[in-house]
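Quick one: the structure is below, and I'll ask about it shortly.
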Ligand code: ADP
């Protein structure tokens, strides 16, 4: 095609340009931050140079998940320099800049400024930035979409109807901004009782895969509800950093993301 210098094979195929993938959900508590952190670690393990922007300004959790040592970003003039976490992921989060436990009671414009500072930081040779968005469709999402136009959006949901309806809203927001959805991930899908070994589906099963098919988006995989994931996350040891059963779920999704 005349004038086209770049052949796009897949969203994440090797490109000279840095890709920005926003990770969104309609609802809070569905595991968006956990997935973002573990995908970042898995992708870094696959040799990608990955940065994470914790855009969940009011409820930042990436420091706990990715940098238990709690490094503080440096600044050169007005430019922030992300912290390199022990898992090989570069990270910026409001939690690095604000005293722990203090509420972040900011209005929209300040939140927009914070997001801009993180997005315009010195990300060095990072070839992929994952942005952990707050849940829903508010100020941060709008600033993100309008100002930084991500290359793609990844949607996390639980299998249950309510979360799916909200996820569909989030998908619609990206569609309106013409941001391609790279795929859906179903989290908290299925639970194996550690005592009796029987499987059950506290939040239902298969809803996200069915929704992906209906909406014409890729389904990237599911992660079960597993206490080991919660415990590891709380202690700053992302399962994706280890060759564990839990780590392999995230590795599989990371692999699909790069295909
Ligand atoms: P969100 O970013 O969507 O608000 P989080 O990633 O903070 O959600 O997850 C909410 C809680 O659920 C956290 O305590 C996290 O450790 C836990 N969690 C997330 N995914 C799983 C899972 N697959 N199995 C067990 N616990 C999970």
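The values are calculated or read from the model by the stated rules, or taken from the named source; none is laboratory data. Predicted, not measured: the structure shown is a model, and the values here were computed from it. Don't worry about glycine lacking a Cβ; one is built from the backbone with ideal geometry, like all the others, and counts go over all protein chains shown.
Could you list all residues from the range 210-221 that are within 16 Å of the ligand (Cβ to nearest atom) and without any contact (Cβ under 8 Å) to a residue 60 or more places away in the chain?
Residues of the range 210-221 that are within 16 Å of the ligand (Cβ to nearest atom), as a first pass: 220-221.
221 - this is the single residue of the range 210-221 that is within 16 Å of the ligand (Cβ to nearest atom) and without any contact (Cβ under 8 Å) to a residue 60 or more places away in the chain.
Further question on the same structure: Could you give every pair whose Cβ atoms fall below 9 Å, whose first residue belongs to the range 228-241 and is touching a residue at least 40 places away in the same chain (Cβ under 8 Å), and whose second residue is part of a loop (DSSP other than H, G, I, E, B) and near the ligand (Cβ under 10 Å from one of its atoms), counting only separations of at least 6 or pairs across chains?
So the pair list comes out as 229/31; 233/61; 239/226.
Out of the residues in the range 11-26 that are away from the ligand (no atom under 14 Å from the Cβ) and at pLDDT 95 or above, which is nearest to the chain's Cα centre (by Cα)?
We begin by selecting, within the range 11-26, every residue away from the ligand (no atom under 14 Å from the Cβ); these are 11-21.
Keeping just the survivors that are at pLDDT 95 or above gives 19-21.
On the way: 19: 13, 20: 11, 21: 8 Å.
Restricting to residues being away from the ligand (no atom under 14 Å from the Cβ) and at pLDDT 95 or above, the top hit is 21.
Let me ask something else. Can you pull out the residues in the range 147-169 that are buried (at least 22 other Cβ atoms within 10 Å of the Cβ), within 17 Å of the chain's Cα centre (by Cα) and at pLDDT 90 or above?
150, 153, 154, 155, 156, 157, 158
Exactly one condition in (1) surrounded by 15 or more Cβ atoms within 10 Å (Cβ to Cβ); (2) touching a strand residue (DSSP E or B) at 6+ places or on another chain (Cβ under 8 Å); (3) at positive phi is not met by residue 136; state its number.
Tallying (1) surrounded by 15 or more Cβ atoms within 10 Å (Cβ to Cβ); (2) touching a strand residue (DSSP E or B) at 6+ places or on another chain (Cβ under 8 Å); (3) at positive phi, residue 136 fails exactly one: (2).
Residue by residue through the range 222-259, note down the ones that are away from the ligand (no atom under 16 Å from the Cβ) and surrounded by fewer than 18 Cβ atoms within 10 Å (Cβ to Cβ).
Residues of the range 222-259 away from the ligand (no atom under 16 Å from the Cβ): 243, 255-259.
Across the range 222-259, the qualifying residues are 243, 255, 256, 258, 259.
Using the structure shown, decide if residue 29 is modelled with pLDDT of 90 or more, within 14 Å of the ligand (Cβ to nearest atom), under 19 Å from residue 232 (Cα atoms) and surrounded by fewer than 24 Cβ atoms within 10 Å (Cβ to Cβ). Break it down stepwise before answering.
Values: modelled with pLDDT of 90 or more: yes; within 14 Å of the ligand (Cβ to nearest atom): yes; under 19 Å from residue 232 (Cα atoms): yes; surrounded by fewer than 24 Cβ atoms within 10 Å (Cβ to Cβ): yes.
So residue 29 passes the test.
From the set of residues in the range 51-73 that are buried (at least 24 other Cβ atoms within 10 Å of the Cβ) and within 12 Å of residue 131 (Cβ to Cβ), which is farthest from the ligand (Cβ to nearest atom)?
So the residue we want is 51.
Give the residue that is farthest from residue 241 (Cα to Cα), with candidates limited to residues of the range 44-68 that are touching a residue at least 24 places away in the same chain (Cβ under 8 Å) and out of contact with any strand residue (DSSP E or B) (no Cβ under 8 Å at 6 or more places or on another chain). Let's see the steps before the verdict.
Pass one, the range 44-68, residues touching a residue at least 24 places away in the same chain (Cβ under 8 Å): 44-46, 48-68.
Within this subset, residues satisfying the condition of being out of contact with any strand residue (DSSP E or B) (no Cβ under 8 Å at 6 or more places or on another chain) are 45-46, 57-59, 64-65, 68.
Working: 45: 8, 46: 11, 57: 25, 58: 27, 59: 24, 64: 15, 65: 11, 68: 14 Å.
Looking at residues that are touching a residue at least 24 places away in the same chain (Cβ under 8 Å) and out of contact with any strand residue (DSSP E or B) (no Cβ under 8 Å at 6 or more places or on another chain), I get 58.
Also: Consider residue 112 against the criteria (1) modelled with pLDDT under 95; (2) away from the ligand (no atom under 16 Å from the Cβ); (3) within 27 Å of residue 240 (Cβ to Cβ); (4) surrounded by 13 or more Cβ atoms within 10 Å (Cβ to Cβ): it satisfies all of them except one. Which criterion is unmet?
Result: residue 112 fails condition (3) only.
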